Each structure stands twice: as C-alpha cells, then as structure tokens.
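*Asks:* Dropping a structure here in structure tokens format, bear with me for questions.
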Amino acid sequence: AKFSLPVDSEHRALAINLFSFRQPHMRAFHVCWMTFFTSFVSTFAAAPLLAIIRDDLDLTKPELVNAGIAAVTGTIFCRILIGSVCDMVGPRYAMSLLMLGTAPFVFGMALANDSLGFTLCRFFIGFSLATFVGCQFWTSVMFSGKIVGIANATTGGWGNLGGGVTQFLMPLFFEFFYKVADTEKFTAWRWAYFVPGTAHIIIGSM
C-alpha cells in the first residue's frame with residue numbers, strides 16, 4: 001500500500017502533516033480531535049448560559065451544582081466501557097456510537113422544562129467525553145511509537161480546547177438566535193443547543 005506519509009513496517013505513520021486530511025493517518029488524526037472537541041463543547045455548553053437557563057427553569061443553586069456534577073459523572077463509567085468497545089469494533093465506530101448516541105440528549109436540552117430533565121440531559125451528554133479513549137486509541141494505532149506521543153498530545157490537547165471555546169461560542173449562538181433571529185430569550189438558549197447537536201450528527205457520521 002502507498003501512503004502520503006512515511007510509514008514503518010506496520011504501516012504506522014512516522015510523521016505528522018497538520019495541513020493534510022489524506023487517509024488513513026491524517027484523516028484519523030483530524031477526526032479524533034474534532035470529535036473530542038465537539039464532545040467538550042456540548043458537555044459544557046450550559047455553563048456560559050446558566051444565568052438564563054436558571055431563570056427559565058427556576059433552578060436552585062443546589063440543582064445547578066448537581067447538574068454540573070452529573071455532566072462529568074457519567075463519563076467515568078462510560079470510558080471504561082468504551083475501551084472494550086474499541087477493542088471489539090475499533091475506535092472509529094466506538095466514537096461514532098458515542099456521538100450519535102448522545103446527540104438526542106443535546107437536542108433534548110431544547111425540551112428541558114425542569115431540573116430533572118436538565119440534569120438527565122447533561123448526564124447523558126457527558127457520556128460523549130468518553131471519546132477521549134477512542135481518540136487516544138485511534139492515534140496510537142495510526143502513528144509510530146517514535147511520534148505517537150506528539151500525536152496523542154496534539155489530538156487530546158486540541159480536543160480539550162472545546163471546554164474553553166464553548167465559553168464564547170454558546171453566547172454567540174445565543175445572541176444570534178436572540179437578536180438576529182429575533183426569538184425570545186428563553187427560546188434562544190434552546191435553539192443554541194441545536195448547533196452542537198448538529199455537530200454531533202456531522203462528526204459522528206464521518
């Protein structure tokens with residue numbers, strides 16, 4: 001087989017070309033970090049909109065705290081499970097399963113009308129953070145031991161950026177639906193969730 005990157009005897013890449021999306025190595029590289037990035041955006045999308053969501057759903061401070069805890073609790077057990085799934089069907093299908101499986105709960109945030117619905121949606125959305133396992137698994141089998149550390153660090157690091165980027169992305173989406181699309185404030189934050197929800201569908205289908 002011929003590859004766009006130099007490879008070792010096991011066809012693992014010996015170099016990284018960040019400007020390439022060629023299969024299989026660099027496509028896997030970029031799909032890995034984009035998937036992990038998207039999972040961070042959707043999991044922490046509520047944080048910058050909490051003031052509006054709190055007023056809309058009449059949430060108390062303990063309820064907000066519990067929802068935040070729920071968002072990261074589910075991924076603890078899901079990461080253990082997804083490791084076995086990666087072993088059985090490979091990281092690509094495991095990550096797709098996570099993104100497509102959690103997408104309904106991202107969209108479901110638009111229908112939340114009480115503390116229970118809000119907390120459950122955040123809990124199940126948090127499962128998508130288990131894409132970290134698939135991300136590291138996939139790059140580990142795509143890149144040689146001489147460069148796999150850089151590959152893992154880059155995909156993991158860029159993916160983690162989603163947690164910070166969502167702090168200004170979600171307010172931008174909210175402002176678009178609130179001011180540009182001229183919807184009510186308590187409707188705009190719900191529409192904003194359709195953006196990361198759609199991202200789950202797109203990235204999960206790649």
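The values are calculated or read from the model by the stated rules, or taken from the named source; none is laboratory data. Just so it is clear, the model here is predicted, and its values are computed rather than measured. Quick reminder, even Gly has a Cβ in these numbers, built from the backbone with ideal geometry, and neighbours come from all protein chains shown. Ligands, DNA and RNA are stripped out before the accessible areas are found, and what is left, the full protein with its side chains, is counted by its heavy atoms. Shrake-Rupley method; radii C 1.70, N 1.55, O 1.52, S 1.80 Å.
*Asks:* Which angle between 0 and 90 degrees, to the nearest 10, do you get for helix 61-89 versus the longest principal axis of the chain when only C-alpha atoms count?
*Replies:* Between the helix axis and the principal axis of the chain, the angle is about 30 degrees.
*Asks:* Further question on the same structure: Accessible area per residue for the chain in Å², computed with a 1.4 Å probe and the full protein assembly in place, what is it?
*Replies:* On the way: 10100 Å² over 206 residues.
On a per-residue basis, the chain sits at 49 Å².
*Asks:* Still on this structure: Of all the Cα-Cα pairs you can form in the range 1-150, what percent are over 24 Å apart? If you can, show how the numbers build up before the last one.
*Replies:* Numbers: 4693 of 11175 pairs.
When every Cα pair of the range 1-150 is considered, 42 percent fall beyond 24 Å.
*Asks:* Okay, next question. Any idea of GLU10's accessible area? Nearest 10 Å², probe 1.4 Å.
*Replies:* Ignoring ligands and nucleic acids, GLU10 comes out at about 130 Å².
*Asks:* Multiply the residue separation of PHE77 and LEU161 by 0.36 nm, subtract the distance between their alpha-carbon atoms, and state the gained length in nm to one decimal. Please report the intermediate quantities before stating the final value.
*Replies:* Values: separation 84, 0.36 × 84 = 30.24 nm, distance 2.27 nm.
The PHE77-LEU161 span can extend by a further 28.0 nm.
*Asks:* Considering Cα pairs under 8 angstrom that are at least six residues apart, work out the relative contact order of the chain and quote it in whole percent. Could you put the intermediate results ahead of the total?
*Replies:* Details: 315 pairs, mean separation 73.0, N = 206.
It rounds to 35 percent for the chain.
*Asks:* Put +1 on the Cβ of each Lys and Arg and -1 on the Cβ of each Asp and Glu in the chain; which of GLY108, TRP138, TRP189 then has its Cα farthest toward the positive end of the dipole?
*Replies:* Of the options given, the answer is TRP138.
*Asks:* Long-range amide H contacts for PHE143: which residues qualify at under 5 Å (H placed 1.01 Å from N, peptide plane, sequence gap of 5 or more or a different chain)?
*Replies:* ALA13
*Asks:* Specify the inter-centroid distance of the range 57-86 and the range 129-157, based on alpha-carbon positions, in whole Å.
*Replies:* Between the Cα centres of the range 57-86 and the range 129-157 lies a distance of 24 Å.
*Asks:* Given a Förster distance of 22 angstrom, what is the FRET efficiency for MET206 paired with ALA15, based on the Cβ-Cβ distance and rounded to 0.05? Intermediate values should be presented prior to the final figure.
*Replies:* Values: r = 23 Å, r/R0 = 1.04.
With R0 = 22 Å, the Cβ-Cβ based efficiency is 0.45.
*Asks:* What do you reckon, how do TRP33, TRP138, TRP158, TRP189 stack up by accessible area (1.4 Å probe), largest on top? Display every interim value, and only then the final one.
*Replies:* Values: TRP33 55, TRP138 35, TRP158 85, TRP189 0 Å².
So the residues, ranked largest to smallest area, are TRP158, TRP33, TRP138, TRP189.
*Asks:* Also, quick follow-up: Give me the extension gain from ARG27 to LYS185: residue separation times 0.36 nm, minus the current Cα-Cα distance, reported in nm with one decimal.
*Replies:* Values: separation 158, 0.36 × 158 = 56.88 nm, distance 3.92 nm.
Stretched fully, the ARG27-LYS185 segment lengthens by 53.0 nm.
*Asks:* Calculate how steeply helix 194-204 sits against the longest principal axis of the alpha-carbon atoms of the chain, using the helix alpha-carbon long axis, and give the answer as 0 to 90 degrees to the nearest 10.
*Replies:* That works out to roughly 20 degrees.
*Asks:* How much accessible surface area, in Å² rounded to 10, belongs to the heavy atoms of ILE76 with a 1.4 Å probe?
*Replies:* 100
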